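Taken together, the values in this text are just the output of simple stated rules run on the coordinates, not laboratory data. Fair warning: this is a prediction, and the values are worked out from it, not measured in the lab. Here the Cβ positions follow ideal geometry from the backbone for every residue, glycine too, while neighbour counts run over all protein chains shown.
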There are 2 protein chains.
Amino acid sequence: MKDPKGNSDVELTEQIDCCAPLTAAPIDDAAAAELARTYAALADPVRLKMLSLIAASGEVCSCDFVEPLAKSQPTVSHHTRILAEAGLIDGDKRGRWVHWRVRSGREGFVRGVLGAGPA
Amino acid sequence: MKDPKGNSDVELTEQIDCCAPLTAAPIDDAAAAELARTYAALADPVRLKMLSLIAASGEVCSCDFVEPLAKSQPTVSHHTRILAEAGLIDGDKRGRWVHWRVRSGREGFVRGVLGAGPA
DNA sequence: ATGATAGATTGACGGATGTCGATGTGACGA
DNA sequence: TCGTCACATCGACATCCGTCAATCTATCAT
C-alpha cells in the first residue's frame, strides 16, 4: 500500500481558514485500526449500559451488573474485559470483588460517548 | 445538574465536586441500542478512513475510494451504505457518480470521532 | 439503439462476536 | 480444613460482519 503524499502521522491542527476541511489530513492505517478498536468496544448496547452505570455511580462491582443488564455472570465478565482492554475502564480487585471505574483521563471521552446526541 | 446539548468540544471539565457522577443517570435500552448502532458504524478501519477522506476533502466520489482503501468496488459500496444508514454521511448522485459528504449537522461529531485522542 | 461506465445488489465464504453452561481460581468465613 | 462466594476461563453454538466475484441497474457517449 503506497502513500503518495507524505502524510504520515500529521496531528490534527486547528484550521481557522475559510472553507477549512473538517480534518487536516486523512488518518493513517495505524490510527484507523486503533480508533476502530476503541469504537468496537462501544458498539454493543450491553457495554454502553455498563459504561453508563459506572459513569453514573463512579464505581460498580461486577456482581451489580448481572441484574440490571440481565446477562449471565460469564457474559458480564466478557464485556468488562473488552471495555478494560479498550482502555475505557479499570478494575480494582478488593477481596473477592472487583470494582470498576472509568479509567483516569478518559472521563471526558466517556461522557461524550454516552451523551452523543444528534448534534 | 442537567446536561445540555453541549457536545461542542470534548473538553475536560474538571470534577471538583466530591463524588460527582460522570452522567446523571444510566441510559435506557433504546438509547443504548441507538448509540451502539452509531458506534458499530465507526468500528471498522476502512469506514474510518472513508470518513477521514470525506472530512478532509469535503466531498469524495465513490470511485475515488477504491484506490486509497485498496478495496473492491462492492466493498466500498457496502461501507458507504453503512455510514449513510448510520446517519453520518450523505450521498449526492450526479449523473453516474455519487459524491459523499459528512451529513449536515454531524460535522462536529465526525471531527470528534476522527480526532478522539486520550482526552 | 448500442456499448461503456459508475454504482448497487446478490450469493457465498471465512472469521469475528455475543451468549451461556460448565469448570477453574482465589478469597473469605465457619 | 472445608465450603462458599465472586469472578475468570473454557467450550460450544448461533449469529453477525467484512470481503469479493458475478450480476443487475441506471446513466452517458456515440
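Some observations on this one:
- Debye intensity ratio in log₁₀ form over the Cα atoms of segment A:22-91, taken at each q of 0.19, 0.26 Å⁻¹: -0.74, -1.18
- Length added when fully stretched, B:ARG37-B:VAL66, from 0.36 nm per residue minus Cα-Cα: 7.9 nm
- Length added when fully stretched, B:SER77-B:GLU59, from 0.36 nm per residue minus Cα-Cα: 4.9 nm
- Shortest first, A:GLU85 label-point distances to identical copies amount to 2.6 nm, with the label point at 7 Å from Cα along Cα→Cβ.
- For the segment B:50-61, counting C-beta atoms of other chains within 10 Å of every residue's C-beta and taking the mean gives 4.
- Each residue, A:ALA30 and A:ARG96, gets one label point 7 Å from its Cα in the Cβ direction; the gap between the two is 4.5 nm.
- Across the copies of the chain, A:ALA56 has label points (7 Å from Cα along Cα→Cβ) spaced 4.1 nm apart, shortest distance listed first.
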